[in-house]
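Derivation of every value follows stated rules applied to the coordinates shown; laboratory data play no part. What you see is a predicted model; the values in this text were computed from it and never measured. In this analysis, Cβ positions are derived from the backbone assuming ideal geometry, glycine residues included, and neighbour counts consider all displayed protein chains.
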Amino acid sequence: MQQESWSQGLNPQALEAAREVARVLGKAGHRAWFVGGCVRDLALGRPVKDLDLVSAATPDEVQRLFRRTVAVGKAFGVMRVLMEDFEFEVATFRSEGDYSDGRHPKEVRLESSAETDATRRDFTCNALYLDPLDGTRLDPAHGLVDLEAKILRAVGDAGQRFQEDSLRLLRMARFEAGLDLTPAQGLHGAARAAAKGLLRVSPERVLDELTKIAGGPDPARALGVLLECDLWQYALPALSGGDDPLRQGTLKELARGNGVGVSLVLAAFFDPGGADPGPLLDSLPLSRELRRRLQGIWQTRLRIEELARVGSEDHADLARALRGAQGAGGLALAQASCRAKGEDARELDRLASWAADAIMDVEPLLSGADLEQLGVERGPRIGILLEELESAQLRGSVGTVDEARAFVQRAL
């Protein structure tokens, strides 16, 4: 990473705001550094999501130095500083004592150097520091060397790092797959030995990490790491004993397509097959919206597989099953699962080809009020007739308002 070009690709306004934070800290005698993932991604030429800073300034000093702050993690030395239109996490160099619960240290000690701060970080590629004002780098854990060699290595003893914070086990899989890194010798063995620690991690944190994996470039590889290191069964006990090779194969097939979203990857992760998904969904801390999307993809997938089995050519049935994001997701999951099983996917491919050119949405020709004026009593019958009318429009047998009125009269 050349010092004169390290900032290429950063939002100039965000960078200048971060530099102003660094200048204020510097005037108070505390040199500030970008730290962690943002420095790693800059080194790799990847998009940077968040610019996090660290210095020797204590949280109380940060509060005094800046007009707008939020104490997001003051007990752990972390403050949020609002500068211009941007927010930055500004942490204090720290070291940590023993971990009591596999997630949180019992003691946090504020420190004065990056070298000490680096010893408590998870992987060497995240123990990187960069001065936002002059581009100077600090690499006390030799993370840049590991990145150059495409190696994922824990800071210090891997077993100890995993025992301290079990969520690092899932982060290991995410970084291996997302950054295309090879595990250092002994890393997977240490992960396997610490796998049961995931049972102490809240389902919410597990789901958050799996969602990040689902949004990464190679979720199938990440799942492979989780399976190889015996992490999957402890990360999501509700899924243990499932058809994991099929799940991984489905993800690999999905990766061959375009526009695969997070919801679709999670649907493949948690795929209940033909079983009732209710118990599984009840065991996961899903938002109402994500639960709705997953159920929609699974239900649509089953409907599409049924239509493929019978070779349906009914325009209305196909349109209802295949339209919208839910239809696209259900079809993609059905195709990927079919190929992962080694089955013939030609009928599903025919449906995909049909969906690419078909008209699957029509403007209603009549409303519920129109049907009441034609003599239909208010109640469920109106909804049934509107659906039948839409089917007739989709099939092309009704195309005008007059034809729609005649259709309703015949139905009555």
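Given +1 on the Cβ of Lys and Arg, -1 on the Cβ of Asp and Glu, and no further charges, what dipole in debye does the chain carry about its Cα centre, rounded to the nearest 20?
It works out to roughly 760 debye.
Output wanted: per-residue J couplings in Hz (rounded whole) for the range 177-189, from phi through Karplus 6.51 cos²θ - 1.76 cosθ + 1.60, θ = phi - 60°, x for Gly and Pro.
Each residue's phi maps through the Karplus curve to give 6, x, 9, 6, 10, 9, x, 5, 4, x, 5, 5, x Hz.
Quote the FRET efficiency, to the nearest 0.05, computed for THR119 versus ALA325 with a Förster distance R0 of 56 Å and r equal to the Cβ-Cβ distance.
In this case the efficiency is close to 0.75.
Taking the Cα centroid of the range 209-229 and of the range 168-194, what is the distance between the two, rounded to the nearest whole Å?
11 Å
What's the angle, to the nearest 10 degrees (0 to 90), between helix 244-255's Cα axis and the longest principal axis of the chain?
Compared with the principal axis, the helix lies near 80 degrees.
Can you compute the modelled spin-label distance between ALA255 and GLN185, with each label point 7 Å from Cα toward Cβ, in nm?
Label-label distance for ALA255 and GLN185, simple model: 2.7 nm.
In sequence order, what are the phi-derived ³J(HN,Hα) couplings for the range 133-141 according to the Karplus relation 6.51 cos²θ - 1.76 cosθ + 1.60 with θ = phi - 60°, rounded to whole Hz, with x for glycine and proline?
My calculation for the range 133-141 gives 8, 10, x, 5, 10, 10, 9, x, 9 Hz in order.
Put +1 on the Cβ of each Lys and Arg and -1 on the Cβ of each Asp and Glu in the chain; which of GLY273, SER367, ALA235 then has its Cα farthest toward the positive end of the dipole?
With unit charges placed on the Cβ atoms, the residue in question is ALA235.
Express as a percent, rounded to the nearest 5, the fraction of DSSP beta bridges in the chain (both residues included) that run antiparallel.
Once the DSSP bridges in the chain are tallied, antiparallel ones form about 80 percent.
Quick one: if you stick a label point 7 Å off each Cα along the C-beta vector at VAL72 and LYS196, how many nm between them?
So the label points at VAL72 and LYS196 sit 3.5 nm apart.
For the chain, set up a Gaussian network in which alpha carbons nearer than 10 Å are linked by springs, and say which option among PRO59, PRO277, PRO47 fluctuates the most.
Its mean-square fluctuation being the largest, the pick is PRO47.
Could you work out the relative contact order of the chain, using alpha carbon pairs under 8 angstrom and six or more residues apart, expressed as a whole percent?
Computed value for the chain: 9 percent relative contact order.
Go ahead and estimate [θ] at 222 nm for the chain from helices alone: -39,500 (n - 2.57) per DSSP H run with n ≥ 4, summed, over the residue count, rounded to 500.
So the calculated ellipticity at 222 nm is -15500 deg cm²/dmol.
Return a single number: how many Lys pairs in the chain, at a sequence separation of 8 or more or on separate chains, have alpha-carbon atoms below 25 angstrom apart.
11
If I model a spin label at ASP314 and GLU363 as a point 7 Å from the Cα along the Cα→Cβ vector, what separation in nanometres do I get?
2.8 nm
Kirkwood Rh, the range 156-235, all Cα pairs: how many Å?
12.2 Å
With a cut-off of 8 Å between alpha carbons and a minimum separation of six or more residues, what is the relative contact order of the range 281-369 in percent?
30 percent
For the range 368-411, what is the relative contact order in percent, using Cα pairs closer than 8 Å and at least 6 residues apart in sequence?
Over the range 368-411, the number comes to 37 percent.
Assign one of three labels to the range 257-361, namely rounded, prolate or oblate, based on the Cα gyration tensor with a ≥ b ≥ c the square roots of its eigenvalues; rounded applies when a/c is under 1.5, prolate when it is not and a/b is larger than b/c, and oblate otherwise.
Judged from the Cα gyration tensor, the range 257-361 comes out prolate (a/c at least 1.5, a/b above b/c).
Enter the Cα centre distance for the pair the range 32-84 and the range 306-342, rounded to the nearest angstrom.
Taking the Cα centre of each part, the range 32-84 and the range 306-342 sit 47 Å apart.
Could you tell me whether the range 1-149 comes out rounded, prolate or oblate from its Cα gyration tensor? Rule is a ≥ b ≥ c as square roots of the eigenvalues, rounded for a/c under 1.5, then prolate if a/b exceeds b/c, otherwise oblate.
Oblate, since a/c reaches 1.5 and b/c is not below a/b.
Mind putting a number on the dipole of the range 257-361 about its Cα centre? Charges go on the C-beta only, +1 for Lys and Arg and -1 for Asp and Glu, and I need it in Debye to the nearest 20.
Around 320 debye, computed over the range 257-361.
Please list, ordered by chain and number, the residues whose modelled amide H lies under 5 Å from the amide H of THR182; skip anything fewer than 5 residues away on the same chain.
Under 5 Å from the amide H of THR182 lie the amide H atoms of ILE151, LEU152, each far enough along the sequence or on another chain.
What angle do you read, to the nearest 10 degrees and between 0 and 90, between the alpha-carbon axis of helix 12-27 and the longest principal axis of the chain?
The two axes meet at around 30 degrees.
Nearest 20 debye, what's the magnitude of the dipole of the range 1-149 about its Cα centre given +1 on Lys and Arg Cβ and -1 on Asp and Glu Cβ?
380 debye
So how tilted is helix 346-357 from the main axis of the chain? Cα-based, degrees 0 to 90, rounded to 10.
90 degrees
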